[in-house]
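Read through the structure below, which is laid out as structure tokens, and then see the notes.
Computed from the coordinates by the stated procedures, all read-outs in this text should not be read as laboratory data. Here the structure is a predicted model, which means the values were calculated and not measured. Backbone-built Cβ (ideal geometry, glycine too); neighbour counts: all protein chains shown.
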Amino acid sequence: MTPGDEALLVTAYMLLLLLPATFGIAAAPLRGERWARLPGALCSVSCIAGILCYPLWMAISDFSAAFPLSSALGGYAVAVDQLGAVFISFSSAVFLMVVVHMSHSGHGYTPAYMALVCALFVSCTLCMCASTAILLLMAWEAVSMVTFLLACNNRSDTPRWRFFAITHIGGLVLMAVYGYMWTVSGSGDLADWHGIGAAVGPTAAAAITVLLFIGFGTKLGTVPFHGWMPDVYADSPTHTTALLTTVCSNAAVLMLFRAVFEYVGTSGASVACGAVLCLLSAVTALWGAFESMVQTEPKRILSYSSMENMALVTMCLSLGLIFSDGLYGLEALVLTAALLHTLNHSVFKSLMMLAVDSVEDVTGERKIDRLGGLGCVLPGLSAVAIIGVASLAAVPPMNGFISEWLMLQSLVGTEALASDLRVVMPLLVAMMGVCGMVVATSYARLYGFMFLGRPRSPGAAEPRPLRKGSLAPLVVLAALCVAMGMLSYPLLGALSGGASAAAGIDASYSDGLSGSLEPLTLGLMVFGCMAVLLAFTHVRRKSREATDTWGCGGTLDERMQYSSEGFSQPVVKVFHPFIGDSSKVENHRYSVRFQEPFIKYIYTPAGRLVSFVSNQVTRLQTGNIQSYLAYILVTLMAALLAVRLL
């Protein structure tokens, strides 16, 4: 294929990738539920094209194109490298499954909502393939604005406005950082930013790196910028949060990786910078793990789960800064683990989000204390949910296990580190162990209260049938969880090659491994043992007799089961009052309410202060022209006096 044919093919592909979803945006003014299928169908076409991105990248050497538009700040162009192609393919697959589930969910989404979904796909895709700074910043701002609009609900607007405020603080930080790098490089083309850290010096490079982690951390839920997550996850449409926690997080992690390791690069100050960021990530992971254990709504549990998983990703990126000081094999390994866990998280978290949406749809219940017993009446949904829970809990051979195993591997071979940092590594291993145990218990609690035991409400006792076709995307995502675990080596090779090329590392992830693992063999062994146990159980089931359980002279009912508050009481007792709990007894029923401490002690007082200052400023707006002329006169006199004194 000639270069001209390749350029023509790339142009045609980019049109197929972006134009259908762009036309879907234009369907927003349409009215009527039947028109909502049009933008959904157009978005599905773009998603299918996105899935083909990595195969097409393997066949084409130069995967770049420029839009026939320009502005005073430069042109708009895209370029797809190996890493971007992998992320676009997997993100498009997840996006497609969420869109398919939307069309069968029966929520009655309007054409305007589906048009915003199309806009989110376009903006996230551009974030992952933009090659000019102006297009990248515009796409990232579009992600925040579209997500804010998609989070609209009929209950309260406070959570999404909190999301708007926090993420736009991060957006302003990113604009300042990217603007600074643009000024230093003298070019808006991101290809000219490689190694810009050497031009600004180690101190400035370290400051830029920290600001990048903070800017993207507002979207990834880093402490203390996570205050928007629980309420947005709980109150927004489930499909909105499914896309926010998966595809949007994928774009954020990829942009963060490129900015830190491709544009800024590493320097002598990277080790100290990485140590500080590691500490922040560890605190975030622990906070997310323990908070997920005490929540009573499935979507709140999953919100803190996303917080914990993204903290593990940022911890690995921080370790990449530490290992850049000569430990290139470990650097490649830990960066590969971070990128793999990002993709794994997008698959198993979207699976669990859609499973929770299906449960809410058929039962009408939003709290796990009102669920139970669904495994008997909805066995298909229960089967895919337990695969998602196993992936969340990093149970082998699921995909979550592979990426977390690589994280632990990167912490083992650190003998060449300085003595003070070498002492920190066992603490990080312990942190991962504590997080793993707590979240595994939390996910077991989530699945158990939803699908096991006796129904705790009429909706759980007699759920409506699943809507036709709504289970299919969950089955696909569950199959991906298994396949990405058992057949992980090709994906690891693609991610490692892309990460090493972007970060300039002359090593592969396999160079940092201190042990070996055969995911396929392990998976066959695990599933073989499960098949034997199921066969043995089936044989023994024929000889069983069904009798009533002894109930101390009474009748057993659903009220005699564990409640979610009772299940999490050990954690509440030990960590009270840090987790923001308050208990009360009403009508002889004990209940616990949890309020995010960061919101109570940081964001709420800050909001009151801003409101107070705003109210005082409005007093200056008298509407009197004489007052405004007096303000101008005083300002001019103060400026002249300042100039005179200086």
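Any idea which of LEU629, SER123, MET450 is furthest toward the positive side of the dipole for the chain, if Lys and Arg beta-carbons carry +1 and Asp and Glu beta-carbons -1?
Of the candidates, MET450 comes out farthest on the positive side.
In segment 444-480, what trypsin sites (Lys or Arg not before Pro) fall in a loop by DSSP, with at most 11 other Cβ atoms inside 10 Å?
Here the trypsin sites (Lys or Arg not before Pro) that fit, given the DSSP loop and packing criteria, are LYS468.
For VAL610 and MET525 in one chain, what is 0.36 nm times their gap in residues minus the Cα-Cα distance, to one decimal in nm?
Taking 0.36 nm per residue and subtracting the Cα distance, the gain is 24.7 nm.
Ordered by residue, what ³J(HN,Hα) values in Hz, to whole numbers, does segment 21-31 give under the Karplus form 6.51 cos²θ - 1.76 cosθ + 1.60, where θ = phi - 60° and Gly and Pro are x?
Karplus values, whole Hz, x for Gly and Pro: 5, 5, 5, x, 5, 5, 7, 4, x, 5, 10.
Can you run phi through the Karplus equation (6.51, -1.76, 1.60; θ = phi - 60°) for segment 325-330 and list ³J(HN,Hα) in whole Hz, with x for Gly and Pro?
Per-residue couplings from phi come out as 8, x, 9, 6, x, 5 Hz.
Once both labels are modelled 7 Å past Cα along the beta-carbon direction, what's the HIS104-THR22 spacing in nm?
About 3.2 nm, to one decimal.
Can you tell me, using C-alpha contacts under 8 Å and at least 6 residues apart, the relative contact order of the chain as a whole percent?
The value is 13 percent.
Residue-wise, which Karplus ³J(HN,Hα) couplings in Hz belong to segment 503-516, taking 6.51 cos²θ - 1.76 cosθ + 1.60, θ = phi - 60°, and x for glycine or proline?
Going residue by residue, I get 8, x, 9, 8, 7, 10, 4, 5, 5, x, 6, 9, x, 10 Hz, with x marking Gly and Pro.
Which trypsin sites (Lys or Arg not before Pro) in segment 96-167 sit in a loop by DSSP (not H, G, I, E or B) and have at most 13 other Cβ atoms within 10 Å of their own Cβ?
ARG155
Could you pull out every residue, at least 5 positions away or on a different chain, whose amide H is within less than 5 Å of the one on GLY74? Hs are placed 1.01 Å off N in the peptide plane, and Pro or chain starts have none.
HN-HN under 5 Å from GLY74: empty list.
Roughly how many debye, to the nearest 20, is the charge dipole of the chain about its Cα centre, given +1 on each Lys and Arg Cβ, -1 on each Asp and Glu Cβ, and no other charges?
For the chain, the charge dipole is close to 1980 debye.
Starting from the 7 Å offset along Cα-to-Cβ, what nm value, one decimal, do you get for the label separation of MET437 and VAL377?
3.7
Using a 10 angstrom Cβ neighbour count of at most 11 plus a DSSP loop assignment to flag exposed GluC sites (Glu not before Pro), which longest range of the chain is free of such sites?
Here the longest segment lacking exposed loop sites spans 1-414.
Tell me, what is the FRET efficiency for ALA430 and ALA272 to the nearest 0.05, using R0 = 22 angstrom and their Cβ-Cβ distance as r?
The value I calculate is 0.50.
Mind pulling the angle between the C-alpha long axis of helix 37-51 and the longest principal axis of the chain? Nearest 10 degrees, somewhere in 0 to 90.
Tilt relative to the chain: about 80 degrees.
For the chain, build the charge dipole from Cβ charges (+1 Lys, Arg; -1 Asp, Glu) around the Cα centre, then report which of ALA499, ILE387, TYR601 sits farthest towards its positive end.
The Cα lying farthest towards the positive end belongs to TYR601.
What distance in nm separates the simple spin-label points at LEU279 and ASP506, each placed 7 Å from Cα in the Cβ direction?
It is 3.5 nm.
Given the convex hull over the Cα atoms of the chain, what projected area results after averaging over all orientations, in nm²?
Average of the hull's projected areas for the chain equals 36.8 nm².
Using amide H atoms built 1.01 Å from N in the peptide plane, name the residues 5+ places from THR132, or on other chains, whose amide H lies under 5 Å from its own.
Excluding prolines and chain starts, which carry no amide H, the hits are ALA77, LEU190.
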